[in-house]
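Reading through the structure tokens given below for one structure.
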Amino acid sequence: MSHVDYRRDGAVAVITFTHPPVNSFSYAVRAELVAALDRAASEADVRAIVLTGGGALFSGGADIRELGTPAALRGPTLRDLIAQVESNDKPIVAAIKGTCLGGGFELALAAHYRVASADAKLGLPEVKLGLLPGAGGTQRLPRLVGVETALNMILSGEPVPAKALGKTPLIDRLAEGDPVPAAIDLAANARERRRTSTLTLKEPNLEALCEFARNGVKAKWPNLPAPLRCIDAIEAAGKPFEEGLAVERRLFVELINTSESKGLRHAFFAERAAGRVADVPESTPLRPIRKAAVIGGGTMGSGISICFLNAGIALSLLETDQAALDKGVARIAQVYEGQVKKGKLTKEEQGRRMALLTPVLAYDAIADADIVIEAVFESMDVKRSVFSNLDRVMKSGAILATNTSTLDVNAIAQGTKRPADVVGTHFFSPANVMRLLEIVRGSATARDVLATTLQLGKTLRKISVVSGVCDGFIGNRMLEPYSKQASYLLEEGASPQQVDAAMEAFGFAMGPFRVGDLAGNDIGWSVRKRRYAERPSYLFSKLPDKLCEMGRFGQKTGAGWYDYPDGPRKPQPSKVVEELITAHRREIGITPRRIDNAEIVDRLVYALVNEGAKILDEKIAARASDIDVVYLTGYGFPPPRGGPMFYADSQGLYTVRRRIREFGRNPHGDPAFWTPAPLIERLAESGGTFGGAEGGAS
Ligand code: NAD
């Protein structure tokens, strides 16, 4: 047996299953576990069994790669295994340490006793994949911890420390450290087999609690089927066990086929695939990162600094003068103050993190940093002068990174004597909050620099996606055609609130105009002004420029596409903007037409997809799922839709191309805009897809 270890401790059989990295229950593990249980049954002098996970944890759950495939149904299934545990003739004690999630937790719920280390984390995260716990979790958990706790755990999907559940019948004993010795002790003395399924749910208010939860869920996730089905399944725990189990099974099968679950599962795998680079194997040697430096303590520099301080890495922050430096340090301190006030950070931890920060004004003071990230003004001249300073002072082997959003990383690198050490680290604002990190690989970037930066991304708890060099990299390059179409829709007849509402109904947290008001409409304006100067033929609606000319930058100026009489959280449709749009339409000779929401969604999403296809074809992104990760983690694309490229695949690229061609018949704005990308043409022709997280386009 390669996954299961069977040993004896007196009259107790200790069965340990190991399947790195998270001890998931693949077919092989399940089969070996059943064999081990059979062996324990056949050894007459075995009185009881301890089941535990190898390594640092109990189990991360079912093998997600098997979900929805025939492998998940190959017997013994997880449900077969769990049934065998509960009906076993000899008492079984689950010894739980580390994480115990999903199917692993469901297995533990079916054991006759549970011993957990106090810091073990127990949870049922299935809802995050658009599913419900389908191996008895919705039936057994409420029987052990009550309906309210079960609802909370299953609907949030968040793990709970064993200590917090120590007073419920879920936990028989809490252990400090390794739970196995205590579990063996309990097993050696266990007389009865306590079967969770024989318990009756004692909850007089079952229906009311479930109704209450339903109302909450409908308000929070109006478009998601899984949370409601979770509640239905929990409510079925009021029925006899087998009946409830059948309801759970039926609902699980229903959910596994929903587009929402498929999208969420794709997003899960896409995140894991991101950051894998074909020619940078895991064995690539890394450069040590012990000390870091950030140049520029503005919006981004301060946020990036916080990421390093949070990770326990000593950091020097360099600014041009004392006043700017003080401001930068104050920005960082302010974020920590806020966290302390909210109880999210202790005073001591705040002190520890601030102590890692050294404010400096001279380049010589950062010379021995292992990595330096510049976040100075977005100007090639300013960046060039910063990099020439870095070239002069930084120790050999230091990584020189730029946080530029639009400038050519290759040009920045070529301005130094060490282009192989230069890489782009494009953080998103606020850098200490946003999970996405676009790592920009220049044509000369060394493999070990890329590997080290990818590793650094993990250390800073970011989701890293590697992008090649192009204007805007992956995310902002795609955002431009998206914004372009949003403005054209206004010219043609839609209102900002209609466009936003349509995109929000599709699932975006915010539509493009609310995002503009939040981020500052002046940011796009300054990029456009540069484009107009650089490329005289550059086309974009003049409407957003006119808005900015009126000083309506968004929330920060109290007015943008919306008015904000009741504060930044309450945008109101604006008469001024309506008049601006009407006058603009008159000026460009447009008679407004009625635009339906489907056109709004398709034009904006397919604008992303068409540009994404070009990015993929040009190998700026290694795989379509990387593009999805960028949009899911950096741009508010709705996770149940799986990202723009997955969404396009799910609609069918033939349909996508048809729609793009249809839009192409509307000559408004930019006549060449709706030319299907060559990759879409090819894939629509061959019946192919952009591909999942594993493979490329096919
Ligand atoms: P910012 O204006 O808030 O901050 C820039 C800081 O750099 C200022 O504090 C300034 O004093 C300092 N600075 C300027 N020249 C310097 C020099 N020669 N040496 C040291 N310090 C210098 O700008 P920001 O929004 O933080 O943007 C910084 C960089 O990050 C830009 O390249 C920008 O394109 C990029 N970026 C910004 C965002 C965003 O949303 N703001 C997102 C991603 C990337």
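The values are calculated or read from the model by the stated rules, or taken from the named source; none is laboratory data. Owing to the predicted nature of the structure, the values given are computational and were not obtained by experimental measurement. In this analysis, Cβ positions are derived from the backbone assuming ideal geometry, glycine residues included, and neighbour counts consider all displayed protein chains. Side chains are part of the model used for accessible areas, which takes the heavy atoms of the whole protein and leaves out ligands, DNA and RNA. Shrake-Rupley method; radii C 1.70, N 1.55, O 1.52, S 1.80 Å.
All conditions in (1) open to solvent by 30 Å² or more (accessible area, probe 1.4 Å); (2) near the ligand (Cβ under 10 Å from one of its atoms) hold for THR404, with the sole exception of (1).
Against the definition (out of contact with any helix residue (DSSP H, G or I) (no Cβ under 6 Å at 6 or more places or on another chain), open to solvent by less than 50 Å² (accessible area, probe 1.4 Å) and either farther than 26 Å from PHE428 by Cβ or assigned by TED's automatic domain parsing to the domain that holds PHE377 (or both)), how does SER495 come out, yes or no? Considered against the rule, which asks whether it is out of contact with any helix residue (DSSP H, G or I) (no Cβ under 6 Å at 6 or more places or on another chain), open to solvent by less than 50 Å² (accessible area, probe 1.4 Å) and either farther than 26 Å from PHE428 by Cβ or assigned by TED's automatic domain parsing to the domain that holds PHE377 (or both), SER495 comes out as yes.
Per the conditions (1) over 28 Å from the mean Cα position of the chain (by Cα); (2) in contact (Cβ under 8 Å) with a residue 12 or more places away in the chain; (3) more than 13 Å from the ligand (Cβ to nearest atom), the sole criterion not satisfied by ILE313 is (1). Please tell me if GLY669 is among the small types (Gly, Ala, Ser), buried (at least 18 other Cβ atoms within 10 Å of the Cβ), modelled with pLDDT under 95 and assigned by TED's automatic domain parsing to the domain that holds ASP563. Spelling it out, GLY669 is indeed among the small types (Gly, Ala, Ser), buried (at least 18 other Cβ atoms within 10 Å of the Cβ), modelled with pLDDT under 95 and assigned by TED's automatic domain parsing to the domain that holds ASP563.
Which one is farthest from GLY634 (Cα to Cα) among residues in the range 501-558 that are in a helix (DSSP H, G or I) and among the aromatic types (Phe, Trp, Tyr)? Of everything passing the filter in the range 501-558, TYR532 is farthest from GLY634 (Cα to Cα).
Remark: SER316 falls outside the filter, which requires a residue to be hydroxyl-bearing (Ser, Thr, Tyr), under 20 Å from PHE387 (Cα atoms) and out of contact with any Ser or Thr (no Cβ under 9 Å at 6 or more places or on another chain). Conditions first: (1) crowded, with 16+ Cβ neighbours inside 10 Å; (2) out of contact with any Gly (no Cβ under 6 Å at 6 or more places or on another chain). LEU286 passes all but one, so which condition is the exception? Here LEU286 clears every test but (1). Does ALA56 satisfy the criteria of being of a type in the set (Gly, Ala, Ser) and open to solvent by 40 Å² or more (accessible area, probe 1.4 Å)? So ALA56 fits the description; yes.
Considering (1) closer than 20 Å to GLY507 by Cβ; (2) in contact with a Cys (Cβ under 6 Å, 6 or more places away or on another chain); (3) not hydroxyl-bearing (Ser, Thr, Tyr), the lone condition that ASN597 does not fulfil carries the number (2).
At least 1 residues being within 29 Å of the chain's Cα centre (by Cα) and closer than 21 Å to ASP5 by Cα is the threshold, and among the helices (runs of 4 or more DSSP H) wholly inside the range 40-152 those reaching it are 78-87, 102-110. For the range 374-401, name all the residues that are under 28 Å from the mean Cα position of the chain (by Cα) and more than 10 Å from the ligand (Cβ to nearest atom). Of everything in the range 374-401, those that are under 28 Å from the mean Cα position of the chain (by Cα) and more than 10 Å from the ligand (Cβ to nearest atom) turn out to be ILE399, LEU400, ALA401. Whenever a residue of the range 367-385 is open to solvent by 50 Å² or more (accessible area, probe 1.4 Å), its partners that are more than 10 Å from the ligand (Cβ to nearest atom) and not in a helix (DSSP H, G or I), lying with C-beta atoms within less than 7 angstrom and at least six residues away or across chains, give the pairs ASP368/LYS291; ASP368/LYS395; ARG384/GLY415.
Would you be able to say whether some residue in the range 650-666 is open to solvent by 10 Å² or more (accessible area, probe 1.4 Å), modelled with pLDDT under 95 and in a loop (DSSP other than H, G, I, E, B)? Yes, some residue in the range 650-666 is open to solvent by 10 Å² or more (accessible area, probe 1.4 Å), modelled with pLDDT under 95 and in a loop (DSSP other than H, G, I, E, B). Total residues in the range 299-329 satisfying the condition of being part of a helix (DSSP H, G or I), exposed (fewer than 13 other Cβ atoms within 10 Å of the Cβ) and of a type in the set (Gly, Ala, Ser): the figure is 1.
Taken over the range 424-472, residues that are buried (at least 17 other Cβ atoms within 10 Å of the Cβ) and at pLDDT below 95 amount to 1.
Taken as a whole, the structure leaves PRO592 outside the set of residues that are touching a residue at least 24 places away in the same chain (Cβ under 8 Å), in contact with a strand residue (DSSP E or B) (Cβ under 9 Å, 6 or more places away or on another chain) and open to solvent by 30 Å² or more (accessible area, probe 1.4 Å).
Tallying residues that are in contact (Cβ under 8 Å) with a residue 40 or more places away in the chain and more than 20 Å from GLU192 (Cα to Cα) within the range 163-173 yields 3. Out of everything in the range 276-298 that is outside any loop (DSSP other than H, G, I, E, B) and either under 20 Å from SER467 (Cα atoms) or at pLDDT below 95 (or both), what residue ends up being nearest to the ligand (Cβ to nearest atom)? Only one residue fits best here, namely VAL277.
Against the list (1) under 30 Å from THR689 (Cβ atoms); (2) modelled with pLDDT under 95, the condition LYS614 fails is (2). When each of LYS347, LYS341 is tested for being touching a helix residue (DSSP H, G or I) at 6+ places or on another chain (Cβ under 8 Å), assigned by TED's automatic domain parsing to the domain that holds LEU436, more than 13 Å from the ligand (Cβ to nearest atom) and open to solvent by 60 Å² or more (accessible area, probe 1.4 Å), the lone residue that passes is LYS347.
Only a single item in (1) more than 16 Å from the ligand (Cβ to nearest atom); (2) touching a residue at least 60 places away in the same chain (Cβ under 8 Å); (3) surrounded by fewer than 24 Cβ atoms within 10 Å (Cβ to Cβ) is not met by LYS417, and it is number (2). Taking the criterion of being open to solvent by 40 Å² or more (accessible area, probe 1.4 Å) and aliphatic (A, V, I, L, M), the residues of the range 528-544 that qualify are ALA533, LEU539.
For the range 23-47, taking the residues that are touching a residue at least 24 places away in the same chain (Cβ under 8 Å) and farther than 21 Å from GLY75 by Cα, the one that is least open to solvent (accessible area, probe 1.4 Å) is identified as VAL46. Filtered by the rule that a residue be more than 8 Å from the ligand (Cβ to nearest atom) and aliphatic (A, V, I, L, M), the range 316-331 gives LEU317, ALA323, LEU325, VAL329, ALA330. Picking from residues in the range 522-535 that are touching a helix residue (DSSP H, G or I) at 6+ places or on another chain (Cβ under 7 Å) and within 13 Å of the ligand (Cβ to nearest atom), the one that is nearest to LYS484 (Cα to Cα) is GLY524.
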